[in-house]
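A short write-up of the structure that comes next.
The values are calculated or read from the model by the stated rules, or taken from the named source; none is laboratory data. Keep in mind it's a predicted model, so treat the numbers as computed, not measured. Counting neighbours? That spans all protein chains shown, and the Cβs are built from the backbone with ideal geometry, glycine included. Just so you know, the surface numbers come from the protein's heavy atoms only, side chains and all, with ligands and any DNA or RNA stripped out. Shrake-Rupley method; radii C 1.70, N 1.55, O 1.52, S 1.80 Å.
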Amino acid sequence: MINTKPLSRTEAARMVVRAIETIRRDEAGIYNSRRDLEPVLDRLRNEFQAELASLGVKGTETGARPPGFFSAVPVDRAQVRAGVASRDLSFVNSQGLRFQHGANGGLSFESRAQVGDFLTLYVQPEVDGNEEFGVARLGTGYAKLTLYNVELLVGRDSLWWGPGLFGSLILSNNAPPLDQIRIGSAEPFLLPWIGEWVGPTKLLGFVSQLEERRDHPRANLAGIRGTIAPLSVLELGASYANMFGGTDRPRLSGVDDYLRALFDPPASDQAANRRFRNNLLFALDGDLRLRNVNRYRVPSRDLRLYGEFGWDDTCCNSNYVPLKDAISGLIGVHLLGLFEIDGLDARFEYAESSKLSFTHNQFYRGYWTRGEVISHAIGTDGTAFNSRITSRVDDDLMVGVGMTRLVIGNTTNPVSGSQERRWGGAIDVTYRFGGVYSLFAQYQLTRTTNRNFVVGHDGFDNLVLLELTRSFR
């Protein structure tokens, strides 16, 4: 179950364990011809060697020792970023990262500590700057308590709900991380009575408070997500998000008010009850993963087909029934082992939002925080087509090429200005060396029209980006 992110390192390590066990007990010889899986598992074993050791996995040849009751890594990873941009620009799905015209740079590192198997502490401070100013901030940081498969997180973190690579209809990392309280299942579990029928289940809920400088100061954002895997090849999810409240008047008061704002979609559309302002969004998603599809003349070894269907509560008496003008959707295909070449993958994804998606009559700036859309970057009445092909040349070198066509709509209600259009491509190289270093280099070229929704503000955007990451594990 991989479509509710972020995944904890322990959960990812458990997935590696299950993969190893599945291959080892392959009595029918299903995986005898899948030599391409060995280098993948080798990379995963190397990445999660400490977690695998703590889980007591034997025969993985990691050489790592299980951590003690208390373990701390002052610097787990460190990254230095440098880039040159021809214009001011915002990155899509990069936690609100922006570059100014000219030279830009940044530095970040991760620190973590673990107490037993129940308390995790994590911080990722960042420093960013350009030719005019610099800023230091806490990018991500939280304390996480885990007891009896229940995980409670307090702090700042990003959320990505859904199977898409280039966007999500409810929550993505397009905007900066949210300050939140989050509770959910640490690992998938079986529900009583119906567990064998619906398969492994994962549940998650959170509440967050947004920034002061917005249409309604300190508005709240809450969300719930559930996923099930009724088949080993199928993962299904349902997501709900609600922007509500705020510190300005009229304010919510009492449990009844909060329940109405959270679960009564048309409450905010009643002129006499402005304190019940709420902006609700819903989405359903599915991810079908098929192996050895080359037997059916599909030009890849494995195949993922996924999609997401979302709608805005919109107005008046719509309740939970989707209106045509409030529907959004996303579909994608992921070809793994393209043309049966090891390490060659291709991804194609299309998304579309309606003219009422991510807008609201009281939260008139729309579904956004700190200047960025919280869900898919296309905003209101937008479309996106993204493609990406990656080739892992060897264990240490990967090359990627991508093409993007975006039509981005303004989420402000009433919608004003023209749509911003971006068309372009990028090429990137990732090279690992010295066992602990990784260098990422990318060049982007984008043709933008109506930049920032200003008619006639057109031009080409060029970007050169370098990132050097050092692991201290």
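What to note about this one:
- Residue within segment 17-26 that is in a loop (DSSP other than H, G, I, E, B) and either open to solvent by 50 Å² or more (accessible area, probe 1.4 Å) or free of Cβ contacts under 8 Å to residues at least 60 places away in the same chain (or both) present: yes
- Complete set of residues in segment 216-233 that are of a type in the set (Val, Ile, Thr), in a strand (DSSP E or B) and farther than 30 Å from Gln362 by Cβ: Thr227, Ile228
- Test set (1) more than 20 Å from the chain's Cα centre (by Cα); (2) open to solvent by less than 70 Å² (accessible area, probe 1.4 Å); (3) within 27 Å of Ile331 (Cβ to Cβ); (4) not β-branched (Val, Ile, Thr) - His376 fails condition number: (1)
- Test: residue in segment 423-432 that is basic (Lys, Arg), farther than 18 Å from Ala384 by Cβ, out of contact with any helix residue (DSSP H, G or I) (no Cβ under 7 Å at 6 or more places or on another chain) and open to solvent by 70 Å² or more (accessible area, probe 1.4 Å): yes
- Count - residues of segment 28-56 that are open to solvent by 50 Å² or more (accessible area, probe 1.4 Å) and of a type in the set (Phe, Trp, Tyr): 1
- Single match in Trp193, Trp197 (criterion: without any contact (Cβ under 8 Å) to a residue 24 or more places away in the chain, more than 21 Å from Arg9 (Cβ to Cβ) and out of contact with any Cys (no Cβ under 6 Å at 6 or more places or on another chain)): Trp193
- Count of residues meeting criterion [in contact (Cβ under 8 Å) with a residue 40 or more places away in the chain and open to solvent by less than 40 Å² (accessible area, probe 1.4 Å)] in segment 392-405: 0
- Among the residues of this structure, Asp428 does not count as one that is farther than 21 Å from Leu89 by Cα and of a type in the set (D, E, K, R).
- Meets criteria (surrounded by fewer than 17 Cβ atoms within 10 Å (Cβ to Cβ), within 17 Å of the chain's Cα centre (by Cα) and modelled with pLDDT under 95) for Ser94: yes
- Every residue from segment 234-257 that is touching a Gly at 6+ places or on another chain (Cβ under 8 Å), outside any strand (DSSP E or B) and surrounded by fewer than 20 Cβ atoms within 10 Å (Cβ to Cβ): Arg251
- So Val75, is it surrounded by fewer than 14 Cβ atoms within 10 Å (Cβ to Cβ), part of a strand (DSSP E or B), under 26 Å from the mean Cα position of the chain (by Cα) and modelled with pLDDT of 90 or more: yes
- Identity of the residue in segment 324-339, without any contact (Cβ under 8 Å) to a residue 40 or more places away in the chain and over 23 Å from the mean Cα position of the chain (by Cα), that ends up surrounded by the most Cβ atoms within 10 Å (Cβ to Cβ): Asp325
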